[in-house]
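Okay, so here's the structure we're looking at.
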Amino acid sequence: MTNKIMYFIANWKMYGNLKSLNTLDKVIRFSKSKEIKKGRLIYCPPYTLISSFLKKFENCLIDIGGQNCHESEDYGSHTGFVNSKMLKSSGANYVILGHSENRQKGETDKLINLKIKSAIKSKLKVIFCIGETLSEKKRKKTKSILSKQIKLGLKKIKKKSNIFVAYEPVWSIGTGKIPKIDELEQTVEFIKKKFKGKLPKILYGGSVNPENIRNLKKITNLDGFLIGGASQNSKKFIDIVKKTYN
Ligand code: PGA
């Protein structure tokens with residue numbers, strides 16, 4: 001049973017509308033109860049819902065993040081985009097960057113590095129996603145892929161205290177499959193070894209649900225979870241937090 005601060009980040013992806021706000025009442029009640037223990041909840045809704053979520057969470061400690069941002073620190077002619085400064089001023093304190101769904105659409109390590117730098121300047125905490133694809137795993141390339149993503153993604157970034165590294169194997173996202181526990185533990189250790197001095201917090205993401213959390217919580221070197229599908233169901237999300245501590 002863990003007794004440490006654990007982060008539970010809800011990644012809502014391209015889901016949710018104003019009606020979804022009602023589903024949050026349960027989570028708000030839970031966040032004010034003793035059962036939350038040392039859990040920290042952060043919701044990353046689509047941009048369109050950030051201000052409504054913020055209002056909804058007014059009297060509780062649930063925090064807000066964005067799901068991506070543009071790399072430019074300035075305002076500019078970038079139709080359809082939002083930069084880190086705009087996210088921060090909307091009330092977000094976190095941003096997810098380097099998610100595999102965006103890497104697959106062409107985001108390079110270099111671009112992710114620029115985004116992280118701008119997010120740090122805007123005083124956002126960064127949830128920096130890394131992870132190997134199934135074919136990379138099969139070819140035993142996991143370590144070299146993670147090393148490259150960390151090296152290039154965090155290039156010339158000295159202060160890493162506001163960075164969370166989310167290890168999300170691409171083959172695990174939305175598939176119901178998770179890595180073997182001992183393998184995952186070793187990968188988390190491998191990631192930690194990539195850092196000198198103060199270590200960033202390390203999260204796991206990919207098909208986390210109220211069933212497999214019983215196994216995942218055995219990994220004592222993790223600081224929390226990045227949760228997609230299950231986070232849209234308040235009961236499941238709460239269950240994941242409860243089971244982590246019980
Ligand atoms: P999932 O998504 O929990 O639905 O697998 C995780 C993520 O993509 O961050």
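The values are calculated or read from the model by the stated rules, or taken from the named source; none is laboratory data. What you see is a predicted model; the values in this text were computed from it and never measured. Backbone-built Cβ (ideal geometry, glycine too); neighbour counts: all protein chains shown.
Which condition number does Glu132 fail, the rest of (1) assigned to a helix (DSSP H, G or I); (2) within 16 Å of the ligand (Cβ to nearest atom); (3) of a type outside the set (A, V, I, L, M); (4) over 23 Å from Tyr15 (Cα atoms) being met?
It is condition (1) that Glu132 fails.
From the residues in segment 193-213 that are within 17 Å of the chain's Cα centre (by Cα) and more than 16 Å from the ligand (Cβ to nearest atom), which one is modelled with the highest pLDDT?
Of everything passing the filter in segment 193-213, Pro200 is modelled with the highest pLDDT.
Being small (Gly, Ala, Ser) and more than 19 Å from the chain's Cα centre (by Cα) is the filter here, so list the residues in segment 1-30 that pass it. Break it down stepwise before answering.
We begin by selecting, within segment 1-30, every residue small (Gly, Ala, Ser); these are 10, 16, 20.
Once the filter is applied, which keeps residues that are small (Gly, Ala, Ser) and more than 19 Å from the chain's Cα centre (by Cα), segment 1-30 yields only Ser20.
Each row is one residue, and each column tells you yes or no for (1) touching a Ser or Thr at 6+ places or on another chain (Cβ under 8 Å); (2) of a type in the set (Asp, Glu); (3) more than 22 Å from Leu111 (Cα to Cα).
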| position | (1), (2), (3) |
| --- | --- |
| Thr142 | yes, no, no |
| Ser147 | no, no, no |
| Gly153 | no, no, no |
| Lys160 | no, no, no |
| Lys192 | no, no, yes |
| Pro210 | no, no, yes |
| Arg214 | no, no, yes |
| Thr220 | yes, no, yes |
| Tyr245 | yes, no, yes |
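Do we find that Gly197 is touching a strand residue (DSSP E or B) at 6+ places or on another chain (Cβ under 7 Å), of a type in the set (Gly, Ala, Ser) and over 16 Å from Asn11 (Cα atoms) in this structure? Break it down into steps so the answer makes sense when it comes.
Numbers: touching a strand residue (DSSP E or B) at 6+ places or on another chain (Cβ under 7 Å): no; of a type in the set (Gly, Ala, Ser): yes; over 16 Å from Asn11 (Cα atoms): yes.
Here the answer is no, as Gly197 does not meet what is asked.
When the residues of segment 217-240 are filtered to those that are away from the ligand (no atom under 11 Å from the Cβ) and crowded, with 22+ Cβ neighbours inside 10 Å, which remaining residue is farthest from Gln186 (Cα to Cα)?
That would be Ile238.
Given the criteria modelled with pLDDT of 95 or more and surrounded by fewer than 20 Cβ atoms within 10 Å (Cβ to Cβ), does Thr2 qualify? Explain how you work it out, then say what you get.
On the way: modelled with pLDDT of 95 or more: no; surrounded by fewer than 20 Cβ atoms within 10 Å (Cβ to Cβ): yes.
Criteria not met by Thr2.
Against the definition (away from the ligand (no atom under 16 Å from the Cβ) and out of contact with any Lys or Arg (no Cβ under 7 Å at 6 or more places or on another chain)), how does Ile42 come out, yes or no?
no
Only one residue in Tyr47, Tyr75, Tyr15, Tyr7 is under 18 Å from Asn162 (Cβ atoms) and hydroxyl-bearing (Ser, Thr, Tyr). Which one? First the steps, then the outcome.
Working: Tyr47 fails: under 18 Å from Asn162 (Cβ atoms); Tyr75 fails: under 18 Å from Asn162 (Cβ atoms); Tyr15 fails: under 18 Å from Asn162 (Cβ atoms).
None of the other options fit; the residue is Tyr7.
Scan segment 88-110 and tell me whether some residue there is buried (at least 20 other Cβ atoms within 10 Å of the Cβ), over 16 Å from the mean Cα position of the chain (by Cα) and either closer than 18 Å to Gly206 by Cα or of a type outside the set (Lys, Arg) (or both). Explain how you work it out, then say what you get.
Step one: list which residues in segment 88-110 are buried (at least 20 other Cβ atoms within 10 Å of the Cβ), which gives 92, 94-100.
This time we only want the ones that are over 16 Å from the mean Cα position of the chain (by Cα), so: none.
Checked segment 88-110: no residue is buried (at least 20 other Cβ atoms within 10 Å of the Cβ), over 16 Å from the mean Cα position of the chain (by Cα) and either closer than 18 Å to Gly206 by Cα or of a type outside the set (Lys, Arg) (or both).
Quick one: in segment 222-232, of everything that is touching a helix residue (DSSP H, G or I) at 6+ places or on another chain (Cβ under 8 Å) and not aromatic (Phe, Trp, Tyr), which residue is nearest to Pro210 (Cα to Cα)?
Here is the first cut: in segment 222-232, the residues touching a helix residue (DSSP H, G or I) at 6+ places or on another chain (Cβ under 8 Å) are 222, 225, 227, 230-232.
Of the ones still in play, those that are also not aromatic (Phe, Trp, Tyr) are 222, 227, 230-232.
On the way: Leu222: 17, Ile227: 11, Ala230: 8, Ser231: 10, Gln232: 13 Å.
For segment 222-232, the residue satisfying everything is Ala230.
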